[in-house]
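The values are calculated or read from the model by the stated rules, or taken from the named source; none is laboratory data. Everything quoted here is computed from the prediction, not taken from an experiment. Using ideal geometry, Cβ is built from the backbone for each residue, glycine included, and neighbour counts are taken over all protein chains shown.
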Amino acid sequence: MKYISLIIYLLFIFQLNASTLTLYEAINIDTNKSCKFYEEKGYLETKSQFLGNCKNGFIDGNSTIIHHNGHRYIGAFEKGYYHGYGKFIWDKENYIEGEFIKNYLTGLGKSYNYGNVAEGIFYKNLFIGYGTFSLKFGNTIIVKKGKKELLDSAIYEDRAFWSKSNQTDSLEFLKKSLSIREKYLKNHPLLIDTYDNLTKVLLRTKNRKSLEEAKKYSLKALKIRKAIYNKNSETISTAYNNLALILSDLGDFVQALEFSLKAISIDEIRLPNDDPDLASLYSNISLIYREMSKLIEAKKYIFKSLKIREKIINSRSNSEDLIIDYNTLSLIYQELGDLRQAKKYAKKSLKISKVLWGEYHINVLKGETNLAMIYLDLKEYQKAKEVTEHILSLAEKYFAKDSYELSVIYNNSSLLYKKIDKLNKAKKYGLKGLKISEKILSKNHPELGTTYANLSLLYMRLKNIQEAKRYAYKALKIREVNQNPIALMISYRDISFIYVELKDYDKALSYTIKSFELFLKSRKFLSQLSNRAKKNSLDKDSIHIFNLLDISLLIKTETTAHKIVNLWLKYKGEINNSQNYLMTLKSRTKNDKEIQSKIEELIKVKKDYSTLFIKNLFSMKYDKNIIKLEEKKDFLEEYLSNKLQEYKKSLKLKDINSSQISQRLKRDELYIDFAKTDRSYYIFTIDANNIINYNLLDENATYIDKQIDNYRKNIIQFDNIKKNEDISEVKKKKELEKIKQKTKILSHGLYKILFKDIDNKYNRFIISPDGRLNLLPFEALYTDNGEYLIQDKNITYISSGKAFLKAYQQGNNASTTKQKIAIFAQPNFDLNLSYFKTVTPTANQQKGGEIRKIFQPRYLSYLEYSKDAKIINDVFQNIKKNIQIVSFTKENATKANLFNLNFIPTILHISTHSFYGADTNASIEEESLLKSALALAGANMLSDENLTKRHLEGIVTALDFSTLNLYNSELVFFSSCQSGMGDIHSSEGVYGLNRASLLAGSKRVISTIWSVSDRESAILVKYFYTHLSEGKGYVESLKQSKLDMIKSKESSQPFYWSGFIENGID
């Protein structure tokens, strides 16, 4: 089976007309004399044998001819042609017989092919469809209409074949044939043949229009195949794979993967484990996963391919496949950041390439260039230099002086020498590469733009700013023609650097803003990518933020301040919200199938949009289909916003600005937003008058992050020592006092850095942290007044400006009717769930085995001090007429009960164990929200080696939690360890249970940023609900609870009270 070929149905089309007929000689078996006959040109390698008559030098009359390959013709001859009634036999399972005219079965005939029989009218060996077709394992199809038309169809097919050098003519003939066959044939193999022929012709030109048309015909052919063939047959498997290849070329990797996995599910049953065709499929699947940035899956499938291919020896085609697989694996490891493994497989690929093609082949030089770039990334500069010089010595000897290959080698060499600070050599080869590129490439070719851009950066390093500027503008001119937003973004950014060097800060800022606006546009496409792809992108975001903020500080005007802050507000919290929000919205509209369908369509369009955008980052021309997808996305968003008020409000958050925030601030309130780059932290503030200040914090980001980690480590150590029974009371007291003092010093040091430029006149700070500041309890910072910040100020946390506005959109809709509190507490972790109601499997349950890797099997102990259900009931016992409390404890604290609540709780309180798999290497890439989870009844079943979906009933991941309907719930309170922990994404905040609660629709969430003490947690819970029952707001109640604990001798230390963080506003 050849997966590259798209024509796989040749059951009855033995194309003897594949080329012109020519004369051959055959030896008479009886007389040993030669006689001539006609056969396909190139069909025979040696003389054939025959029995029969020879007349005027040609085989004639009834005769039998036997070819060297075992093929035979028995029947009438005339002047060397198969002419009259005869039978052509390939082997015992394949033959045609009937009336032959000049070598071709034309007229009444019959074909037999591996048990599939066609009887009826033929034209040049082509069964026209008129007659009977019987499938070996299927139906018999009888066609008794359209004899003349179907004959015309066969003639069109024949003409299409002979017009194969002219794509337009081939398509015209095939479409004429198709119009006839679609009229007279239904679910017929001949239709498959025409669809496949059309697909093959269309794929000669791989533009988007032809690919879309090829996809259409391939899907039609697949539909017939599924109707007439066994669902696990080779023909269906191959059709799936060929469709996957077309969809990959279209950039629709999600659907391509779907068809590839269908193909492999058939072939893993149908083929032996070591079949090379399986390796081809595994390799194709790996390539698709890599395009989707799902690198762990890509690696898994390429290893499956290699397991087969490494066992095959002495095969040129397999050697070529091994080279491709090793190269693919090397690239995967490069993208995973494992450069040692990338080097290993690049070397393996190169070794086979040299054996196969010799030292001087272009593919060998390409392999060596890739290896040189890996050496560069590994900082093995000497090796990189040696390989590059070797490549150059060969390239200049064996490639034409104006060849494209030589220009690529020169340009790569320039990049290498720039990297190792050999700038003059870098310039030499850069200009050599440019000279060739300018000669052989079109004037607006994107690669020429890249060459100009690289030279511009090189001249910047050489301090020749005017030359840098000249080449930067040359690159920009090309990129403005091609309209590739990523390339344009880079050009604008590079030009901004040049103007900084020229001290023209206004122009520098102008180009920086242009770059950043394109960056924002391109960044939104990333919302649908895998988590690893998002992370790779976010890791690169830092330079864009740094450029924007650093350059803007050089022109610190009021206008500049507003521009910069508004760009930051649009940027922060953009990527992950999009897809997660749509998923949770879908879960809340389960009763409206039409809306659910539109949400699913929007998710798919956004994924296609993202994938196509990323695929075409540096393509020849910006793909116009991105614009079409954007139009479709806009249409679906408008539809949903008209149907769903909640969605309409969320779309309005896209164009956020500082005035929208200031309008919602009181005079004594200050909105504080932090921004982190690789190098620095920045601080922005907005007040009720829309007065903006922003500054660079004094210390670098590394120092601040280290101080936060030291502070957290020190504060947690307090409880560890306090509980340590092996230390004497005297020593313990001394150690605890040391920790108290150190905590105050660290805390005050952070306060001085973070609040240096903050005016003390404000009473309330609304703080949006970034980076590791998300793990810092600002309330516990020690101020210049010798007290905690919470004792002087009101503190509110919010993840971003968008979240702040969203909170106001939801408003305070607290009903005057009975409020409902749902409590899940004291779960029986040992509960056997086999006899209990379960919930419908959700996203995380499909990843059971991998979730088990993240949350390594552990035995969860009973929560000794967890009395939250009793505490809350006791607090509200005197006002139960306004409050309804529903408690789920012990064996009732199940996931099923959580997901089957028949009401939306005003407050959802959960007291249990929670955990975060931060350091896992499990192959879950899709969602950060899968790494955080809480345990409910039956969670200890997770330690069972035979993990099933039922065992996951005791575990609720953050992704799972986000699908709850908590829309307009006032609060989710997690009284559990590390419930506020999760993946920290630059500018995206923490992705864990707290974010899941907000996605599910809750207005506020209280969670913990370290492992809290059960005993002191119970005290804080009692204080909190007591203040709440007295009519205080949620933020105020938590603040007063903390102040109550500060007053207590036993719980005054920050470890006991500051770990609880509330996200949301009153």
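Can you tell me which residue within the stretch 1000-1019, out of those that are touching a Phe, Trp or Tyr at 6+ places or on another chain (Cβ under 6 Å) and part of a helix (DSSP H, G or I), is modelled with the lowest pLDDT? It comes out as 1014. Annotation note: of 344, 379, 366, the sole residue that is modelled with pLDDT of 90 or more and under 29 Å from residue 298 (Cα atoms) is 344.
In this entry, residue 210 passes the filter for residues that are among the hydroxyl-bearing types (Ser, Thr, Tyr) and crowded, with 16+ Cβ neighbours inside 10 Å. Annotation note: of 300, 311, 262, the sole residue that is over 22 Å from residue 603 (Cβ atoms), of a type in the set (Lys, Arg) and at pLDDT 90 or above is 300.
Pick out the one residue from 115, 109, 70 that is small (Gly, Ala, Ser), within 28 Å of residue 27 (Cβ to Cβ), in the same structural domain as residue 42 (by TED's automatic domain parsing) and in contact with an Asp or Glu (Cβ under 8 Å, 6 or more places away or on another chain).
70
Within the stretch 106-119, the only residue that satisfies the criterion of being surrounded by fewer than 22 Cβ atoms within 10 Å (Cβ to Cβ), under 17 Å from residue 86 (Cβ atoms) and among the small types (Gly, Ala, Ser) is 107. Of 429, 492, all but one fail to be closer than 23 Å to residue 551 by Cβ, part of a helix (DSSP H, G or I) and among the hydroxyl-bearing types (Ser, Thr, Tyr); the exception is 492. The single condition among (1) in contact (Cβ under 8 Å) with a residue 12 or more places away in the chain; (2) closer than 23 Å to residue 122 by Cβ; (3) of a type outside the set (A, V, I, L, M, F, W, C) that residue 57 does not meet is (2).
Scanning the stretch 461-481 for residues that are closer than 20 Å to residue 516 by Cβ and surrounded by fewer than 24 Cβ atoms within 10 Å (Cβ to Cβ) turns up 473, 476, 480. Among the residues of the stretch 1041-1053, those that are modelled with pLDDT of 90 or more and either in contact with a Ser or Thr (Cβ under 9 Å, 6 or more places away or on another chain) or in the same structural domain as residue 715 (by TED's automatic domain parsing) (or both) comprise 1041, 1042, 1044, 1045, 1046.
With over 29 Å from residue 361 (Cβ atoms), touching a Leu at 6+ places or on another chain (Cβ under 7 Å) and in contact (Cβ under 8 Å) with a residue 24 or more places away in the chain as the only criterion, which of 495, 490, 409, 436 stands out?
495
Selection within the stretch 418-431: residues that are over 15 Å from residue 453 (Cα atoms) and more than 34 Å from the chain's Cα centre (by Cα). The member of this set that is surrounded by the fewest Cβ atoms within 10 Å (Cβ to Cβ) is 424.
Looking only at residues in the stretch 868-906 that are buried (at least 19 other Cβ atoms within 10 Å of the Cβ) and among the charged types (D, E, K, R), the one that is nearest to residue 818 (Cα to Cα) is 868. Among the candidates 85, 123, the residue that is hydroxyl-bearing (Ser, Thr, Tyr), surrounded by fewer than 19 Cβ atoms within 10 Å (Cβ to Cβ) and under 26 Å from residue 146 (Cβ atoms) is uniquely 85. For the stretch 312-348, taking the residues that are closer than 21 Å to residue 274 by Cα and among the hydroxyl-bearing types (Ser, Thr, Tyr), the one that is surrounded by the most Cβ atoms within 10 Å (Cβ to Cβ) is identified as 326.
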